[in-house]
Amino acid sequence: MTLNAMKTLERDLRLSRRELESIVKSFHQEMKKGLTGSSGSLKMIPTYVDRPTGSEKGRYLALDLGGTNFRILSLTLKGRGIPSDKRVMKFALRKRDISTTGKRLFKFLAGSIKKFIKEKKIDLSGSIDLGFTFSFPVKTTGPASGTLIVWTKGFSASGVEGRDVVALLERAIADEKIDNISVVALANDTVGTLVARSYDDKDCDVGVIIGTGTNACYVEDLRNIRKMKNLRRQPGTMIINIEWGNFNRLKATRYDRQLDGESINPGAQILEKMVSGMYLGELCRLIAVDLISEKILFGGRACGNFNKNMAFSGEFVSQVLADRSRGLSGIISLLRRLGVKDPGTEDGKTIRKICSLLAVRAARISAAAIFAVITRIDPDIKKRHIVAIDGSVYEKLPGFAENIKSAVSELSGVRTGKIRISLTKDGSGYGAAIIAAVSSAEGDTK
Ligand code: BGC
């Protein structure tokens, strides 16, 4: 391992406590801009959803679109506690499903609903309400309507940006001749996660996803959402979808700039491109390619897969960091599978170092963002805050959750005991059912 090159990399990727504090400060400024409606990198989208009371009941369907799988759920809410009678089906999304036309994508969703109803024997004799988790930046226009602002996470289906995604779903459901399903709620996965957790725990006021993409939401006072002029003087709260993946006031390396320039959405989702599972592997690959060209890695021999875009996945980063063996046998065999000829222990160490620097940076950026959200709600951290968090990176990347927690403690000092960051699995789908219940109840009282 050539010391100088690695030292430079380390210097560029490390974030000191002071740098984290400066991220928190600029995050606060961007949040404020987003709430007033002036342009900035945080969209701060009002969701028309508040936390549930915990007494919501009934049978619901939920759809969850936004990661590597599309999921359909049916469940019965009992008023607090774990829902019963949960039936779930997962459908893997192939590249061609997400980069086709919007019409085909929504036809695929409706076709999957049809399969689900048949295979899971869902009774549609009375009508059933459905919550739709659609995890992309959506300009919400009401509890069950919103237009897609822009695709993220490599999705590119044509003719969807600028359109109401609930209307597209309803049309596709009608085309499949599925009767008796009404789409009553549209939610983001972060909102589903927050809602699912707060169904049981009133202290939960932040929802975070760190998976294929990344984002967060939190509970804001209506009077602070200045851009919603009609709500300004009303008491109460509403969940705000921050869309933090687009935060851009971060120190970027030339690899970050290269990745951004070669992506399908240059200039957008800068934080997401440093943090989320979709990009961590690619960043590692770009650094590796550079080190190969400087003859620091693999004896300077270019090798098949390291030259292919996106060939080093986020899962590989997890596999690399999970290898605790002395001889790095897991990493070496992964490198062989990727077409590297005779990788040595030094190569393994270099790859491990790159993955570890990238993973620690991602965790520290996430921690600064989480801390910024908590201190936006409660600047002196007087109350307890539960941060409901989910996503493959948070759950599976070795050391990631611990690194977030320790950076949050670094920032919060003695107040750290008030903050709990807690894994909330599958809340994105389950939360959509709860939001559907809230929305149906509101519909009934109107
Ligand atoms: C999307 C968000 C979503 C996040 C996590 C981002 O790419 O813009 O809406 O919440 O991914 O799935």
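Which condition from (1) within 16 Å of the ligand (Cβ to nearest atom); (2) without any contact (Cβ under 8 Å) to a residue 40 or more places away in the chain; (3) part of a helix (DSSP H, G or I) is the one that Arg352 breaks?
(1)
If I filter the stretch 212-222 for residues that are aliphatic (A, V, I, L, M), within 15 Å of the ligand (Cβ to nearest atom) and in contact with a Lys or Arg (Cβ under 9 Å, 6 or more places away or on another chain), do I get at least one hit?
Scanning the stretch 212-222, I find no residue that is aliphatic (A, V, I, L, M), within 15 Å of the ligand (Cβ to nearest atom) and in contact with a Lys or Arg (Cβ under 9 Å, 6 or more places away or on another chain), so the answer is no.
Looking only at the stretch 264-295, which residues are among the basic types (Lys, Arg), part of a helix (DSSP H, G or I) and away from the ligand (no atom under 12 Å from the Cβ)?
If the condition is that a residue be among the basic types (Lys, Arg), part of a helix (DSSP H, G or I) and away from the ligand (no atom under 12 Å from the Cβ), then Arg285 is the only one that fits.
Six or more apart or on different chains, Cβ atoms under 6 Å: show the pairs whose first residue is in the stretch 54-71 and on the phi > 0 side of the Ramachandran plot and whose second is in a loop (DSSP other than H, G, I, E, B) and away from the ligand (no atom under 14 Å from the Cβ).
That search, which allows pairs on different chains as well, returns Gly54/Arg80; Gly54/Tyr199.
Restricting to helices (runs of 4 or more DSSP H) lying wholly in the stretch 93-190: which have 3 or more residues that are more than 16 Å from the ligand (Cβ to nearest atom) and not basic (Lys, Arg)?
Because the criterion is at least 3 residues that are more than 16 Å from the ligand (Cβ to nearest atom) and not basic (Lys, Arg), the helices (runs of 4 or more DSSP H) in the stretch 93-190 that meet it are 102-119, 165-175.
Determine whether the stretch 24-37 contains at least one residue that is of a type outside the set (Phe, Trp, Tyr), touching an Asp or Glu at 6+ places or on another chain (Cβ under 6 Å), surrounded by fewer than 21 Cβ atoms within 10 Å (Cβ to Cβ) and in contact (Cβ under 8 Å) with a residue 12 or more places away in the chain.
For the stretch 24-37, residues of a type outside the set (Phe, Trp, Tyr), touching an Asp or Glu at 6+ places or on another chain (Cβ under 6 Å), surrounded by fewer than 21 Cβ atoms within 10 Å (Cβ to Cβ) and in contact (Cβ under 8 Å) with a residue 12 or more places away in the chain: absent.
Can you pull out every residue in the stretch 112-129 that is buried (at least 16 other Cβ atoms within 10 Å of the Cβ) and not aromatic (Phe, Trp, Tyr)?
Result: Ser112, Ile113, Ile117, Ile122, Ile128, Asp129.
Can you pull out the residues in the stretch 228-238 that are out of contact with any Pro (no Cβ under 8 Å at 6 or more places or on another chain) and closer than 16 Å to Ser38 by Cβ?
Residues satisfying the conditions are Lys229, Arg232.
Under the condition of being touching a Leu at 6+ places or on another chain (Cβ under 6 Å) and under 13 Å from Leu283 (Cβ atoms), which residue from the stretch 344-358 is surrounded by the most Cβ atoms within 10 Å (Cβ to Cβ)?
Cys355
With the checklist (1) more than 16 Å from the ligand (Cβ to nearest atom); (2) at pLDDT below 95; (3) of a type in the set (A, V, I, L, M); (4) assigned to a loop (DSSP other than H, G, I, E, B) in hand, flag the one item Ala252 doesn't pass.
Of (1) more than 16 Å from the ligand (Cβ to nearest atom); (2) at pLDDT below 95; (3) of a type in the set (A, V, I, L, M); (4) assigned to a loop (DSSP other than H, G, I, E, B), only one is false for Ala252: (2).
Pick from Lys341, Lys425, Lys446: which is at pLDDT below 95, among the charged types (D, E, K, R), surrounded by fewer than 17 Cβ atoms within 10 Å (Cβ to Cβ) and closer than 24 Å to Glu243 by Cα?
Lys425
Select, from Ala372, Ala388, Ala368, the only residue that is more than 16 Å from the ligand (Cβ to nearest atom), within 23 Å of Asp201 (Cα to Cα), within 18 Å of the chain's Cα centre (by Cα) and of a type outside the set (S, T, N, Q).
Step by step, each of Ala372, Ala388, Ala368 is checked, and only Ala372 is more than 16 Å from the ligand (Cβ to nearest atom), within 23 Å of Asp201 (Cα to Cα), within 18 Å of the chain's Cα centre (by Cα) and of a type outside the set (S, T, N, Q).
How about the stretch 293-310: which of its residues are of a type in the set (Val, Ile, Thr) and closer than 23 Å to Met278 by Cβ?
Of everything in the stretch 293-310, nothing turns out to be of a type in the set (Val, Ile, Thr) and closer than 23 Å to Met278 by Cβ.
So if I check each of Phe316, Phe312, which one is at pLDDT 90 or above, aromatic (Phe, Trp, Tyr) and part of a loop (DSSP other than H, G, I, E, B)? If you could, list the steps in order and put the result at the bottom.
Numbers: Phe316 fails: part of a loop (DSSP other than H, G, I, E, B).
One residue alone meets the criteria, Phe312.
Restricting to the stretch 395-446, what's the tally of residues that are acidic (Asp, Glu) and outside any helix (DSSP H, G or I)?
Residues in the stretch 395-446 being acidic (Asp, Glu) and outside any helix (DSSP H, G or I): 1 in total.
Within the stretch 230-246, track down each residue that is closer than 23 Å to Ser41 by Cβ and either more than 13 Å from the ligand (Cβ to nearest atom) or exposed (fewer than 15 other Cβ atoms within 10 Å of the Cβ) (or both). Outline the logic, then answer.
Residues of the stretch 230-246 closer than 23 Å to Ser41 by Cβ: 238-246.
Answer for the stretch 230-246, where residues must be closer than 23 Å to Ser41 by Cβ and either more than 13 Å from the ligand (Cβ to nearest atom) or exposed (fewer than 15 other Cβ atoms within 10 Å of the Cβ) (or both): just Met238.
The values are calculated or read from the model by the stated rules, or taken from the named source; none is laboratory data. All of these numbers come straight from a predicted model, not from anything done at the bench. All Cβ positions, even for glycine, are placed from backbone atoms using ideal geometry, and neighbour counts span all protein chains on display.
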